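Chemist: For reference, the structure I am asking about is given below.
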Amino acid sequence: MTSGQEEYQSSSEYVAVSEVQNRHGMWREGLNEPQLEAVTTLNGPVLVLSGAGTGKTKVLTSRLAELVASRTAQPWNILAVTFTNKAAREMKMRVSQLVGPMAEQVMLGTFHALAGRMLRRHAELVGLKSDFTILDTDDQLRLLKQVMEAEGLDIKRWPPRGLLGIISRFKDRGLVPEAVTLEEAGDAAGGKAISIYKAYQNRLKTLNAADFGDLLLHMLTIFTKHPDILAGYQAKLTHIMVDEYQDTNIAQYLWLRLLAQKHHNLCCVGDDDQSIYGWRGAEVGNILRFETDYENAVTIRLERNYRSTGHILNAASALIAKNEQRLGKTLYTDDASGEKVRLAGYWDGYDEARTISSIIESLMKDGHQLDNIAVLVRAGYQTREFEERFLAIGMPYRVVGTRFYERAEIRDAIAYLRLINQPADDLACERIINTPKRGLGATSVQTIFQLARAADRPMLAAAADLVDSDELKPQARRSLAGFVMAIGQWREAKDSMPPADFARMVLDESGYTEMWQKDKSPDSDGRLENLKELVSAMEEFDTLSGFLEHISLVMDNDAPREDGEVTLMTLHAAKGLEFDTVFLPGWEEGIFPSQRSLDENGGIGLEEERRLAYVGITRARRNLYISFAANRRIHGLWQSAIPSRFVSELPQTDILEEMAQGLSVGRVEPVMIGEADSRVGKPGYGPGWGRRAKYSERNTAAPMRDTEGFLPDGSKNSFAVDDRVFHPKFGMGSVVVVDADKLEIQFDKAGRKKVVASFVSHPDDIH
């Protein structure tokens, strides 16, 4: 008997158990028959297929309470796994309310937290110490960059972020470097992905560190190579419960399966119809093959929905039934009343945003709370049009995630435009002077700061001065010269081109577009889409200044409203949430389903897109609005559109069509997977992002220095030929040539150098 068991057998613990048993049954109150079956089926493998809004959290907490109260398992013999710390805290709080302090002895947490706890006990078996550091993403990137440079890999051609994503995918699949095949690695990192992965792992061990992927990967290695340790955990953990099983990756799947091998008391709760994270490693196959993996498995379907009306559920069920890779269930509700799902067609995207805004205003007048209204879009860039409209009419809103104009790539792009428009904008200059990387390290940037402050001049003007000096190393000086020249040339061209065309040119010629095109991280495509949407927004403005003024007003409207706010978010971010009223705009082929998803993943991608639509529909409690536009401005170009294939899959008996005059659904046959779509291109900017022909050849004259801060103002100090001066970097020297604020100095030890006057001083001034 373990010490924990002995403590449990104490009289005080018996009293606690008795108290729980006296309350036995309170957590069963209000459970429907399938829920009760899930709560009371405590032994053997159990799969609980929990549809949207069917009371999954109640089942999980009640089952935990049942395990403890019935003494089927001691609290310390239970492992409960969640996907988020928030979910873990909520479950522990609810179970504590049911069974008291005994809930604290349940091993409950996220995959990473639980695996990390195990790894600290056995760290030495994988070459680590128990006090190892868990690196965040920034630290991982810095470390990987070091490894790549040591291996002679060009980080410009193979961005570290992209390669880190590849390594993370290896770890999600439970693959150590030795297990990765050449076929799996492909040509990533010039065919060096495996060697880089191995070197990265070795470097982590040297630093006594691990990344998040290692927490599970190392434990899989320990369980495999040290069966005695695995046997110890198998003996202790008699009952295992897992939430959101449809979102598990292969490493998580293997970890759970190894732990459950002895007792087979594994209860997995999830919904195969809500598996929408394939792009980050989730394997819907894990839940689909549960009955194959575990002999005598019991599958319990929770189909009674407590959230939505009958019409909404019918629409969701009809849509998801088109998927072939699913276990099958049909949601129903006792609340068969309610409004039909409204399907609207608009002539263009602007009309869509205007009408949805008007509907929300009407709902407000009818007493609906804005906090219970949401607009859910397929891609983040689609929020921009609604943000613009809401701002125009004074509609309070919040964006879950980041507002469009606050996204890092949008701020970068706007910083370029601000600096071109106003060369004295130091905040903009600071942001993009080395973005993308152009060989200007922290020391070089600090030198520019120093000169700007000393001369009381803008950073860009100081940078222009440094180009003709020896203050910087040759490589940094050349890079800075190119940057200053480009800003000057763009400034010269800004009024001769439409703002949108001008922005395309700047993003192309600066290398900013290329930076994200080469980046292989999961969010790079989304950033490119956002940049395209930014340029599209500029089509409405005649001047660059007008657009930038508009942006300033947009960015200034951030104050939260006490009377609530409409929620704007992506469908992925909406999972797990619910609202009284939900709007689902942009249901057009190429947008939703995403053409990129179809091109990259074929039928698998289509089914995941359909599951995403199912998630969107089932967020609505009372009112659901689905819409599409016949014409939409996509990346600056007006394109005709056809309704999404998902529109034709909705049951007409539950739909109320509200088409703009002259429009109809049409029930057009969808574009086949792999078929070209003229409206939505591949990732990247294509010909439309190229520079106009008449601007294709740039003169290579010296950097322009106009009257807005580029011309030297003269130095605060006066120097003459033969003056003795001191430079903090080059030491003492004698002035040879004076050219305004530029000096040529023969230094005693450093030789003859060109410097900026602000950096030198008379010996008498040195304190």
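The values are calculated or read from the model by the stated rules, or taken from the named source; none is laboratory data. None of the values given here were measured: they were computed from a predicted structure. We place every Cβ from the backbone using ideal geometry, glycine too, and count neighbours over all the protein chains shown.
Chemist: Scanning region 146-157 for residues that are more than 25 Å from the chain's Cα centre (by Cα) and loosely packed, with under 12 Cβ neighbours inside 10 Å, which turns out modelled with the lowest pLDDT?
Modeler: Asp154
Chemist: In the list Tyr294, Tyr350, Tyr346, which residue meets the criterion of being within 30 Å of Ile393 (Cβ to Cβ) and surrounded by fewer than 23 Cβ atoms within 10 Å (Cβ to Cβ)?
Modeler: Within the list Tyr294, Tyr350, Tyr346, the selection yields Tyr350.
Chemist: Taking into account only those residues within region 122-145 that are assigned to a helix (DSSP H, G or I) and exposed (fewer than 14 other Cβ atoms within 10 Å of the Cβ), which is nearest to the chain's Cα centre (by Cα)?
Modeler: Once the filter is applied, the top-ranked residue is Thr137.
Chemist: A follow-up question, please. Are any of the residues in region 173-183 at pLDDT below 90 and either part of a helix (DSSP H, G or I) or within 30 Å of Arg257 (Cβ to Cβ) (or both)?
Modeler: Within region 173-183 (the criterion being at pLDDT below 90 and either part of a helix (DSSP H, G or I) or within 30 Å of Arg257 (Cβ to Cβ) (or both)), the answer is yes, since at least one residue qualifies.
Chemist: Just give me the residues in region 103-119 being assigned to a helix (DSSP H, G or I) and more than 26 Å from the chain's Cα centre (by Cα), in sequence order.
Modeler: Ala103, Glu104, Gln105, Arg117, Met118, Leu119
Chemist: For region 219-273, how many residues are over 34 Å from the mean Cα position of the chain (by Cα), surrounded by fewer than 18 Cβ atoms within 10 Å (Cβ to Cβ) and among the β-branched types (Val, Ile, Thr)?
Modeler: 1
Chemist: Looking at Thr206, Thr238, can you tell me which residue is over 16 Å from Tyr294 (Cβ atoms) and among the hydroxyl-bearing types (Ser, Thr, Tyr)?
Modeler: Step by step, each of Thr206, Thr238 is checked, and only Thr206 is over 16 Å from Tyr294 (Cβ atoms) and among the hydroxyl-bearing types (Ser, Thr, Tyr).
Chemist: Something else now. Does any residue of region 210-233 turn out to be modelled with pLDDT under 95, farther than 19 Å from Ala115 by Cβ and in a helix (DSSP H, G or I)?
Modeler: Scanning region 210-233, I find no residue that is modelled with pLDDT under 95, farther than 19 Å from Ala115 by Cβ and in a helix (DSSP H, G or I), so the answer is no.
Chemist: When you scan region 58-66, do you find a residue that is among the β-branched types (Val, Ile, Thr), modelled with pLDDT under 90 and within 28 Å of the chain's Cα centre (by Cα), even just one?
Modeler: Within region 58-66 (the criterion being among the β-branched types (Val, Ile, Thr), modelled with pLDDT under 90 and within 28 Å of the chain's Cα centre (by Cα)), the answer is no, since none of the residues qualifies.
Chemist: Then there's this: Which count do you get for residues in region 68-102 that are of a type in the set (A, V, I, L, M), farther than 23 Å from Asp247 by Cβ and assigned to a helix (DSSP H, G or I)?
Modeler: 5
Chemist: Would you check if there is a residue in region 172-188 being in the same structural domain as Leu143 (by TED's automatic domain parsing) and over 22 Å from Ile250 (Cα atoms)?
Modeler: Checking region 172-188: at least one residue is in the same structural domain as Leu143 (by TED's automatic domain parsing) and over 22 Å from Ile250 (Cα atoms).
Chemist: Just checking, which of Asp412, Asp456, Asp425 is within 15 Å of Asp741 (Cβ to Cβ) and either under 25 Å from the mean Cα position of the chain (by Cα) or not small (Gly, Ala, Ser) (or both)?
Modeler: Every option except Asp456 fails the conditions.
Chemist: Does Val725 fit the bill of being assigned to a strand (DSSP E or B), at pLDDT 50 or above and surrounded by fewer than 14 Cβ atoms within 10 Å (Cβ to Cβ)?
Modeler: No.
Chemist: Only one of (1) without any contact (Cβ under 8 Å) to a residue 60 or more places away in the chain; (2) surrounded by fewer than 19 Cβ atoms within 10 Å (Cβ to Cβ) is not met by Ala209, so which one is it?
Modeler: (1)
Chemist: In region 440-454, is there at least one residue being in a loop (DSSP other than H, G, I, E, B) and closer than 26 Å to Thr513 by Cα?
Modeler: Within region 440-454, one or more residues are in a loop (DSSP other than H, G, I, E, B) and closer than 26 Å to Thr513 by Cα.
Chemist: A further question follows. If I filter region 78-108 down to residues being in contact with a strand residue (DSSP E or B) (Cβ under 7 Å, 6 or more places away or on another chain) and buried (at least 22 other Cβ atoms within 10 Å of the Cβ), which single residue comes out as modelled with the lowest pLDDT?
Modeler: Filtering region 78-108 for residues that are in contact with a strand residue (DSSP E or B) (Cβ under 7 Å, 6 or more places away or on another chain) and buried (at least 22 other Cβ atoms within 10 Å of the Cβ), the one modelled with the lowest pLDDT comes out as Met91.
Chemist: For residues that are among the aliphatic types (A, V, I, L, M), free of Cβ contacts under 8 Å to residues at least 60 places away in the same chain and part of a helix (DSSP H, G or I), scanning just region 468-516, find the one that is surrounded by the fewest Cβ atoms within 10 Å (Cβ to Cβ).
Modeler: Checking each candidate, the answer is Ala486.
Chemist: Residues in region 353-379 that are more than 26 Å from the chain's Cα centre (by Cα) and assigned to a helix (DSSP H, G or I): how many?
Modeler: 12
Chemist: Could you please let me know if Leu460 is out of contact with any strand residue (DSSP E or B) (no Cβ under 9 Å at 6 or more places or on another chain), within 25 Å of Phe541 (Cβ to Cβ) and either charged (D, E, K, R) or part of a helix (DSSP H, G or I) (or both)?
Modeler: yes
Chemist: Only one of (1) of a type outside the set (Asp, Glu); (2) buried (at least 19 other Cβ atoms within 10 Å of the Cβ); (3) touching a residue at least 24 places away in the same chain (Cβ under 8 Å) fails for Pro160. Which number is that?
Modeler: (3)
Chemist: On to the next question. Going by the structure shown, is Glu283 among the acidic types (Asp, Glu) and either at pLDDT 95 or above or assigned to a helix (DSSP H, G or I) (or both)?
Modeler: no
Chemist: Same structure, new question: Which ranges mark the helices (runs of 4 or more DSSP H) fully within region 380-434 that have 1 or more residues being under 19 Å from Leu370 (Cα atoms)?
Modeler: Counting at least 1 such residues, we get 383-393.
Chemist: Here are some residues: Leu230, Leu215. Which one is closer than 29 Å to Asp131 by Cβ, outside the structural domain of Leu153 (by TED's automatic domain parsing) and free of Cβ contacts under 8 Å to residues at least 60 places away in the same chain?
Modeler: Testing whether each residue is closer than 29 Å to Asp131 by Cβ, outside the structural domain of Leu153 (by TED's automatic domain parsing) and free of Cβ contacts under 8 Å to residues at least 60 places away in the same chain leaves just Leu230.
Chemist: Then there is this: Would you confirm whether or not region 644-662 contains a residue that is at pLDDT below 85, among the hydrophobic types (A, V, I, L, M, F, W, C), buried (at least 16 other Cβ atoms within 10 Å of the Cβ) and part of a loop (DSSP other than H, G, I, E, B)?
Modeler: Yes: region 644-662 contains one or more residues that are at pLDDT below 85, among the hydrophobic types (A, V, I, L, M, F, W, C), buried (at least 16 other Cβ atoms within 10 Å of the Cβ) and part of a loop (DSSP other than H, G, I, E, B).
Chemist: Determine which member of the set Gly278, Gly380 is assigned by TED's automatic domain parsing to the domain that holds Glu589 and crowded, with 16+ Cβ neighbours inside 10 Å.
Modeler: Gly380
Chemist: Across region 319-351, what is the number of residues that are at pLDDT 95 or above and in a helix (DSSP H, G or I)?
Modeler: Number of matching residues: 2.
Chemist: Hey, among the residues in region 297-318 that are assigned to a loop (DSSP other than H, G, I, E, B) and not basic (Lys, Arg), which one's surrounded by the fewest Cβ atoms within 10 Å (Cβ to Cβ)?
Modeler: Tyr306
Chemist: Give the residue that is nearest to Asp273 (Cα to Cα), with candidates limited to residues of region 613-643 that are out of contact with any strand residue (DSSP E or B) (no Cβ under 6 Å at 6 or more places or on another chain) and part of a loop (DSSP other than H, G, I, E, B).
Modeler: Per the criteria, the residue is Thr618.
Chemist: Which pairs turn up if I take residues in region 557-571 that are farther than 18 Å from His368 by Cα and of a type in the set (Phe, Trp, Tyr) and look for partners that are at pLDDT 85 or above and surrounded by 21 or more Cβ atoms within 10 Å (Cβ to Cβ) with beta carbon separation below 8 Å, at least 6 apart in sequence or on another chain?
Modeler: So the pair list comes out empty.
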